[in-house]
Amino acid sequence: YLLDKSDKYDSRDVERLQQDDKWVENYLIWRHDVVDDTLKMIDDSFQWRKEYTVNDLTESVLPKWLFENGSLFLHGYDKEGYKLFWFRVKHHTRDPKQQLEKKKLVAFWLEHYAKRDHGKPLTVVFDMAETGISHIDLDFVRFIVNCFTDYYPNFLTKIVIFEMPWIMNAAFKIVKGWLGPDAISMLKFTNKSDVQEYINGEYLPPHMGGTDSFKYSYPPLVDDDFQTPLCENGPITSEDEHESKEEIEADTKEIGELNEEQNLNQKKMNSIEQISKSEETDKTEFKPKNAKKALTTFKGSLLHISPAEELYFGSKETGEKKCLIVLTNVTKNVVAFKVRTTAPEKYRVKPSNSSCEPGTSLDIIVSLHGGFAASLQDRFLIMAAEMDQSSGAGVPELAQFWKEVPRTKVMEHRLRCHVVESSKPSSLTLKENAFNIPAKTNEDLHIQLTHLLQINKRLQEQIDRCLWFQQLSVVLSLLSVAVVAFCFYL
């Protein structure tokens, strides 16, 4: 494919395919591990990506009115923690002259999210309230469907259709024909009474029976609505002001014990841990004070962050409410950082707005406040930027620094929350978090099961071939014996 059609592909896509195993795996999963079908999907999607210049789609190349229209945007999460991709159908009108630009807007949002959140699947919501014949645009709907079925592998969890007018039943029968059996099973037709089976009311607007006061506007681009920086004593002062010295000392002692236990266990895990840039620096110029190794580490340009993707909290049953984030400065300058979240009323972070010296590691303690419980929809954003050596690291200096630093020089990394449902004692959950040992997710188990089934199928085919050859060998052997016997007889 690459030799015959290299002129039809974007070289950046080819390079990514050769380096990103997860991307290849998603193609295989979406095509049920059938290699020929997978190759065809890669070929089709790569040609489409070049045709629509997906890698170069930015806000500046698309008309501003497209973003202001508010028919497409990302906001909120479903009950499983997947991002919601909203299509407000009532804001869409059929216009062949604008069709290409609208399609590029869809591609922009999908690519924007895929790069930002590492390809985590989406839940699509078609909000069809207050729609009619004038809003039916089968060509545009088909393009959206094709994006998920043919161009973005393993990128769709479900399609929630809210209050589809009866007059559109015939149109959606045509749409079902485009989806295929796998995607049809993802269709969820809902109304005000049952939509909360899939999406909590906190992320539903009032006309859908929810309590979300979000109003779309542009600019800026709708993001995860991160708020803060979190104050170290938590957002709810009435309880935090009365936090006792004993509790603070207990927190400090607990973290100290965890650090000691980590250091003992790190020696046992050396054979499977990855060597980070900070460790290489340790051998040469810098000596990290509290360097921690982890099984999963995000290797950023300024900071290495561990864990890489998820913070593991216990459920209400396990009771575990604390988590550890380790930041390692891999630069030769002081790095300022701050932590933001989508749920500031829930979490307390220590420290939340500080700096990290060159070559050192710093522990951030994230704890649930009061009686709150972690949710799959909660997200954390770690922002980091290099500071000049002459700059101070006090609160006023940091506040001024964040006002002046250009956005292009800020490193951002997002972390999801994961709720561990376990019968283990709650103390074990925190220790596992401290060692950054990730639990198996349903998605991981599904991938492993798919691989096992595929391997089993291949083994069965090999066994069948062996049996066939064995039977053929027996028949040929019998024929040979018969021929030899006949020759002796003659």
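The values are calculated or read from the model by the stated rules, or taken from the named source; none is laboratory data. Model, not experiment: these values are computed from the prediction. Glycine also receives a Cβ, built like all others from the backbone with ideal geometry; neighbour counts cover every protein chain displayed. We work out accessible area using only protein heavy atoms, side chains counted, and drop any ligands, DNA or RNA first. Shrake-Rupley method; radii C 1.70, N 1.55, O 1.52, S 1.80 Å.
Details
- Here residue 457 and residue 61 are evaluated by their C-beta separation; at R0 = 41 Å the FRET efficiency comes out at 0.35.
- Spacing of the two label points (7 Å from each Cα toward its C-beta) at residue 470 and residue 16, in nm: 4.8 nm
- Extending 7 Å from the Cα toward the beta-carbon at both residue 139 and residue 400 defines two label points whose distance is 5.8 nm.
- Here the label points at residue 221 and residue 101, each 7 Å from Cα along the C-beta direction, are separated by 1.9 nm in the simple model.
- Exceeding the 21 Å Cα-Cα cut-off - candidates 64/104; 332/409; 104/409; 338/409; 215/350: 104/409; 215/350
- Rolled with a 1.4 Å probe across the full set of protein chains, the surface gives residue 372 an accessible area near 70 Å².
- Length released on extending from residue 47 to residue 200, taking residue separation times 0.36 nm less the Cα-Cα span: 51.3 nm
- Efficiency of FRET from Cβ geometry, residue 93 and residue 367, R₀ 56 Å, rounded to 0.05: 0.70
- The protection proxy used here, the mean number of other Cβ atoms lying within 10 Å of each residue, ranks peptides 470-479, 93-102, 24-33 as follows, highest first: 24-33, 93-102, 470-479.
- Rg over Rh, two decimals, segment 298-418 (C-alpha only, Kirkwood Rh): 0.99
- Placing one equal scatterer on every Cα of segment 11-54 and applying the Debye formula, the log10 ratio I(q)/I(0) at q = 0.16, 0.27 Å⁻¹ is -0.40, -1.01.
- What the Cα atoms of segment 57-208 give is an Rg and a Dmax of 14.7, 41 Å.
- Pairwise FRET efficiency - residue 388 versus residue 299, Cβ, R0 = 25 Å, nearest 0.05: 0.55
- Amide hydrogen neighbours beyond the local backbone of residue 187, cut-off 5 Å, H modeled: 159
- Distance violations [Cα-Cα > 31 Å] among 103/403; 83/173; 40/79; 188/322: 103/403; 40/79; 188/322
- Paramagnetic reach from residue 445 (point 7 Å along Cα→Cβ, amide N under 12 Å) across segment 9-44: none
- Convex hull volume of the C-alpha atoms in segment 1-76, normalised per residue: 137 Å³.
- When the alpha-carbon atoms of segment 1-135 are used, the pair Rg, Dmax equals 16.8, 51 angstrom.
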